[in-house]
Each structure stands twice: as structure tokens, then as C-alpha cells.
Amino acid sequence: MHVDKYVITGGGGYFGFRLACALSKKSFRVVLFDVRPPSEALPEGVEFIQGDVREFTQVVNALRGVDCVFHIASYGMSGREQLNRKLIEEVNVQGTENIIQACVDLGVPRLVYTSTFNVVFGGQVIENGDETLPYLPLHLHPDHYSRTKSVAETQVLKANGEGGVLHTCALRPAGIYGPGEERHLPRIVGYIERGLFRFVYGDPESLVEFVHVDNLVSAHVLAAEALTDKRQHRAARQAYFISDGRPINNFEFFRPLVEGLGYSFPKLRLPISLIYFFAFLTEMVHRAIGRVYNFQPLLTRAEVYKTGVTHYFSIEKARAELGYKPEEYDLGEVVAWFRNRGHGKKQVTSSIKKLLLDVVLFLIVVVLVLSFLPVVGQ
């Protein structure tokens with residue numbers, strides 16, 4: 001009996017590993033292909049192959065005998081990584097070209113590409129956009145990551161039908177969250193704990209979207225199924241926006257995390273133009289001294305746009321064609337995850353409070369006694 005085999009590029013990362021766990025529960029064979037292994041133990045039926053999508057030979061060796069490839073591997077999504085244009089280009093464009101070519105050469109029938117909202121967004125307001133929106137012109141992207149992801153998605157969809165076998169589709173997720181997410185949330189918590197989260201910015205009515213990791217996993221599994229003969233290759237050469245389907249103000253989304261860790265939510269609101277200018281200056285400084293001191297920018301220009309400008313998209317196409325049904329989640333499990341690892345504002349425990357109170361009472365008694373002794377001795 002044939003058992004489907006899946007390869008997940010970037011499988012050592014947070015989302016790739018969660019996808020592997022879901023596939024292994026369906027008794028599929030899963031290969032994680034990444035430059036680094038996952039931080040957790042591999043579940044049954046999952047193996048890890050260390051390799052780099054930039055090396056074609058390594059890609060070919062990993063993809064032999066595969067029924068479907070989830071191409072998740074990318075570089076430069078956030079922070080100082082956004083400023084390394086060379087590595088971004090090599091991983092996101094050259095790496096994707098290698099994946100496509102290997103799929104064609106080996107006769108791999110299905111390729112699901114993990115793209116991003118940013119292929120159509122570059123700072124302009126988008127309300128309930130859909131997949132009919134054109135790609136943002138490449139020169140208008142504020143960051144090289146988004147530019148290269150747009151190029152890569154175009155290549156993946158164009159490759160549909162190559163070799164008479166390959167079927168491809170692309171998923172465009174919102175910002176990912178969930179317990180254990182290792183790219184964005186730890187950075188945000190670090191800012192909160194260092195006292196840097198002292199202001200918000202932009203219009204309080206601005207709306208963005210997020211996607212829980214388990215919803216994104218579900219979307220990928222459904223997309224892979226929708227590329228099969230059984231589903232008449234319904235998703236072939238299609239792109240889909242994927243989110244929780246609940247637009248919300250970026251800072252209000254993170255309020256439960258801030259307050260759940262015991263900190264006060266900032267009341268100061270600054271104009272987005274000021275923050276954008278600050279991000280621009282930060283990028284210029286990084287460009288000048290980054291080779292000597294590769295510091296982490298507080299924000300990049302692309303991050304200012306993504307967090308402060310309204311852009312959200314309809315998921316109706318994914319619902320209708322993939323059967324995508326996002327479940328409702330909140331940040332409660334994320335707060336618990338961080339608290340279990342020692343994060344959060346340190347509160348004085350009741351026992352310490354009691355000890356301090358006892359010490360204070362003892363000192364008061366001592367002072368009273370000492371003040372009374374001269375009177376007794378007279």
C-alpha cells in the first residue's frame with residue numbers, strides 16, 4: 001500500500017514542524033529539510049535531512065520519491081534579517097528556482113508554496129481585498145523580502161503544468177502566532193520586558209490580520225489535497241489569502257499579551273509618519289555600520305506599514321475551494337507559554353510580602369523600645 005511522502009522545506013522552524021506533526025498523525029511519511037534541525041524531538045514517521053535550498057544537489061537528494069513538497073523555507077521576514085538583501089535573494093528566489101526545477105526533474109506532482117500578504121501590499125490601505133488584486137509593482141515594495149516573495153510566488157504558479165505532472169498553488173498567510181512561535185513573539189516580549197513598549201502608533205481604527213499556527217497548518221493540508229487527482233487539481237495555479245478571518249487593530253491584538261504578562265498597556269499614541277521616519281533613519285544607520293555592529297532595529301519601514309496601516313483580505317476563496325474553516329483562538333495560550341518559561345513582570349510573592357511586613361513591624365517595635373529606654377532610666 002502506497003503511503004504519501006511529503007517534504008517540508010524550512011521544516012526545522014516553528015510552522016514547518018507543526019505542519020509535520022499534523023501530517024504524521026495522518027500516518028504520512030514526512031521529511032524535514034532545513035539548515036538546522038527542529039528544537040523538539042521528531043514524532044514517529046518524521047525524519048530530518050540537513051540541507052540548504054540554495055544547493056541544488058541537496059534539494060534533489062531530499063525530493064526523490066516525494067508526492068508533495070511544502071516550500072516554506074524563506075529568509076528576511078522581519079528585523080535586521082530584512083536588511084540582508086543578498087541572502088534574501090539567494091534563499092527566496094534562487095532557492096525557489098531550485099525547488100521548482102527539482103520537482104520537474106523528479107516528476108513531483110504537487111508543490112504548495114508559502115507566500116505572504118505582502119505580494120500585493122506595500123503600505124497602501126486594503127480593505128477586504130481578494131485574489132483578483134494585482135501584484136504590487138516590484139519597485140514599490142519597501143523591503144526586499146516582500147519583493148522576492150512576489151517573484152518566487154509568480155515562479156511557482158507559472159510552473160504549474162511543467163513536465164506534464166506538476167501542480168502548484170500558493171498560500172498567502174497573515175502574521176503567524178501561537179504558543180512557541182519563535183520569530184515575532186519573543187522579539188515583542190523582549191521589547192515589553194526591556195521597557196521599550198511605551199507607545200503605539202497609527203490610526204486606532206486601522207485593521208490588520210493574524211493567523212493561528214493551527215489554522216495555517218489546516219490550510220496547507222487542505223491545499224495539498226486540492227492539488228490531487230481526486231480533487232480534480234482544484235487549487236492548481238491558484239493563490240489564497242489565509243487568516244483567522246477576524247481583522248483587528250494590531251496593538252489591540254497584543255493587549256492581552258502585554259497585560260497578561262503584568263505590564264501596563266501604553267497610552268501614548270504617535271503619528272505613523274514619525275515612526276516611519278525613525279525606521280528609515282534606523283535602516284540607514286544599519287546600512288552604514290551593520291557589518292561592524294549588526295544591531296536589531298526596533299522597527300523597519302516594512303514593519304511600520306504592516307503594523308500600522310489597514311490591510312486585510314477575504315478568505316472566501318479559501319473557504320469555497322479548499323474547504324478552509326479557521327477556528328477561533330486568542331493569546332491566552334501564548335501568555336501561558338511565556339509565563340511557564342519565567343517571563344512576565346516579577347511580582348512580590350505573598351510570602352515575601354509577609355516577611356517584609358514582619359521586618360517592618362519588628363523595626364517599629366525596636367524603635368519604640370529604644371525611644372522608651374531613656375525614659376525608664378531617668
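The values are calculated or read from the model by the stated rules, or taken from the named source; none is laboratory data. Fair warning: this is a prediction, and the values are worked out from it, not measured in the lab. So basically every Cβ, Gly included, is an ideal-geometry build from the backbone, and we count neighbours across all protein chains shown. The area values use the complete protein model at the heavy-atom level, side chains included, leaving out ligands, DNA and RNA. Shrake-Rupley method; radii C 1.70, N 1.55, O 1.52, S 1.80 Å.
Could you go through segment 41-50 and let me know if any residue there is in contact with a strand residue (DSSP E or B) (Cβ under 8 Å, 6 or more places away or on another chain), closer than 24 Å to VAL91 by Cβ, open to solvent by less than 10 Å² (accessible area, probe 1.4 Å) and at pLDDT 95 or above. Within segment 41-50 (the criterion being in contact with a strand residue (DSSP E or B) (Cβ under 8 Å, 6 or more places away or on another chain), closer than 24 Å to VAL91 by Cβ, open to solvent by less than 10 Å² (accessible area, probe 1.4 Å) and at pLDDT 95 or above), the answer is no, since none of the residues qualifies. With the condition kept exactly as written, say whether any residue in segment 41-63 is of a type in the set (D, E, K, R), closer than 18 Å to ASP214 by Cα and more than 24 Å from the chain's Cα centre (by Cα). No - not one qualifying residue is present in segment 41-63. Considering segment 315-343, the residues that are of a type outside the set (A, V, I, L, M, F, W, C) and not in a loop (DSSP other than H, G, I, E, B) include one that is nearest to VAL208 (Cα to Cα), namely GLU316.
In summary, HIS212 fulfils each of the numbered conditions (1) open to solvent by 10 Å² or more (accessible area, probe 1.4 Å); (2) of a type outside the set (S, T, N, Q); (3) within 18 Å of the chain's Cα centre (by Cα) with the single exception of condition (1).
For every residue, the table says whether it meets (1) open to solvent by less than 80 Å² (accessible area, probe 1.4 Å); (2) over 22 Å from LEU87 (Cβ atoms); (3) among the aromatic types (Phe, Trp, Tyr).
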site: LYS230; (1), (2), (3): no, yes, no
site: ARG237; (1), (2), (3): no, yes, no
site: SER243; (1), (2), (3): yes, yes, no
site: GLU252; (1), (2), (3): yes, yes, no
site: ARG255; (1), (2), (3): yes, yes, no
site: LEU261; (1), (2), (3): yes, yes, no
site: ILE289; (1), (2), (3): yes, no, no
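Can you name the residue in segment 127-164 that is assigned to a loop (DSSP other than H, G, I, E, B) and either in contact with a strand residue (DSSP E or B) (Cβ under 8 Å, 6 or more places away or on another chain) or β-branched (Val, Ile, Thr) (or both) and is also least open to solvent (accessible area, probe 1.4 Å) among such residues? Step by step, filter segment 127-164, then rank; the result is ALA159. Pull up segment 166-188, narrow it to residues that are at pLDDT 95 or above and among the β-branched types (Val, Ile, Thr), then point me to the one that is most open to solvent (accessible area, probe 1.4 Å). The qualifying residue most open to solvent (accessible area, probe 1.4 Å) is ILE176. For segment 14-27, a residue qualifies if it is buried (at least 17 other Cβ atoms within 10 Å of the Cβ) and either in contact with a Gly (Cβ under 7 Å, 6 or more places away or on another chain) or of a type outside the set (A, V, I, L, M, F, W, C) (or both), and the qualifying residues are TYR14, GLY16, PHE17, ARG18, ALA20, SER24.
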